[in-house]
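The values are calculated or read from the model by the stated rules, or taken from the named source; none is laboratory data. Computed from a predicted model, the values in this text were never measured in an experiment. Reconstructed Cβ throughout: ideal geometry from the backbone, glycine too, with neighbour counts over all protein chains shown.
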Amino acid sequence: MNDADFKNILATTASICTILQFLTGTLVCQKIVQNKSTGDMSSFPFVSGCLSTSLWLRYGFLIQDRSLILVNTVGATLFFAYVVTFYLYSIKKTSIIRQFLGSFLFLIVTLLYIHRIEDVDTAKSNLGLVCCIVTILFFAAPLASLLHVIKVKSTDSLPYHLIIATFIVSLQWVIYGIVLGDKFIQIPNFLGCVLSAFQLSLFIIYPKNSKIYPNVI
């Protein structure tokens with residue numbers, strides 16, 4: 001197997017796993033619809049996911065990587081649908097609107113700034129840096145519930161399926177970033193592995209009681 005074949009196989013498997021990761025949000029939304037409430041969950045993971053995938057979609061076009069374009073087109077669409085679902089069943093609608101509008105404004109300003117940069121390499125570097133920062137926030141988003149988890153000694157408010165999927169997918173994209181020699185793909189996904197592993201450790205310290213995840217431990 002040559003390098004090109006390995007790259008294609010890795011890109012395909014990473015893309016499929018990433019889309020499956022994004023789809024784990026449907027499990028959370030399904031429970032929200034059933035309960036007609038978002039409970040103690042924060043909307044930030046979905047809002048930051050929407051922002052992150054939108055930025056990576058633009059980066060994918062800049063470096064002309066079809067895998068990034070496909071994955072993040074699907075991701076941006078799904079996360080937007082999750083935010084809408086969360087909004088419909090949340091009693092804190094003002095907070096969600098504030099988060100979403102803030103993210104949308106940040107996205108527009110960033111895209112306009114990148115569009116004005118004439119040098120492509122500079123545009124790639126600047127947008128890549130922004131994508132890194134936002135992706136790290138996305139990986140750490142479930143930590144917004146950390147204080148609540150420690151207080152009630154339960155991980156019911158943490159999206160287990162999303163976190164474990166994030167760990168697996170991040171590992172694949174780290175390898176893909178190494179193959180491409182792209183540090184902007186390597187760095188955030190490496191940190192994503194570390195952050196996800198830390199969040200998963202909380203499920204051992206504070207086992208879940210919710211019926212959402214009956215087979216977590």
Next item on the list: Say whether the condition of being surrounded by fewer than 20 Cβ atoms within 10 Å (Cβ to Cβ) and not in a helix (DSSP H, G or I) is met by at least one residue in region 145-155.
Entry: yes
Selection over region 16-31 where residues are surrounded by fewer than 20 Cβ atoms within 10 Å (Cβ to Cβ), aliphatic (A, V, I, L, M) and in contact (Cβ under 8 Å) with a residue 40 or more places away in the chain yields a count of 4
Checked against (1) buried (at least 17 other Cβ atoms within 10 Å of the Cβ); (2) among the polar types (S, T, N, Q); (3) part of a helix (DSSP H, G or I), Thr13 satisfies every condition except (1)
Output for Cβ contacts, cut-off 8 Å, separation at least six or different chains, first residue under 18 Å from Leu62 (Cα atoms) and without any contact (Cβ under 8 Å) to a residue 24 or more places away in the chain in region 173-195, second in a helix (DSSP H, G or I) and among the charged types (D, E, K, R), reads Gly177/Lys183
Among the residues of region 112-125, the number that are surrounded by fewer than 14 Cβ atoms within 10 Å (Cβ to Cβ) and within 17 Å of Leu51 (Cα to Cα) is 2
Filtering region 15-73 down to residues that are in contact with a His (Cβ under 6 Å, 6 or more places away or on another chain) and either at pLDDT 90 or above or of a type in the set (A, V, I, L, M) (or both) yields Leu27
Going through (1) crowded, with 18+ Cβ neighbours inside 10 Å; (2) in contact with a Leu (Cβ under 8 Å, 6 or more places away or on another chain) one by one, Val179 fails only at (1)
Apart from one, (1) free of Cβ contacts under 8 Å to residues at least 60 places away in the same chain; (2) touching a Lys or Arg at 6+ places or on another chain (Cβ under 8 Å) all hold for Thr53; the odd one out is (2)
